[in-house]
Amino acid sequence: MRPIQLATGPAPEGTFSPEEIEQMGRILAPFGKVGACVGCGLREDRCHSAWIGQHKLLKRSAVVVQSL
């Protein structure tokens, strides 16, 4: 996991402080170590790939697992 900062949109005035808004946009996200990949396909399945597929953000999976 690694920390990333997401873009946050405007909140109604007085709802959250700027610090709270920044904190809400900071999450831990999974990432893969290329040299450690054994091609099991678990990351491809468990990641938010379903969301990415539903919104057609990528033409193909970022991790392609093929049997030899």
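The values are calculated or read from the model by the stated rules, or taken from the named source; none is laboratory data. None of the values given here were measured: they were computed from a predicted structure. Here Cβ is always computed from backbone atoms with ideal geometry, including for glycine, and neighbour counts include all displayed protein chains.
Residues of the range 18-32 that are touching a residue at least 12 places away in the same chain (Cβ under 8 Å), assigned to a helix (DSSP H, G or I) and not acidic (Asp, Glu): ILE21, MET24. Evaluate the following for ALA29: is it surrounded by 10 or more Cβ atoms within 10 Å (Cβ to Cβ), at pLDDT 65 or above and in contact with a strand residue (DSSP E or B) (Cβ under 9 Å, 6 or more places away or on another chain)? Against the criterion (surrounded by 10 or more Cβ atoms within 10 Å (Cβ to Cβ), at pLDDT 65 or above and in contact with a strand residue (DSSP E or B) (Cβ under 9 Å, 6 or more places away or on another chain)), ALA29 qualifies.
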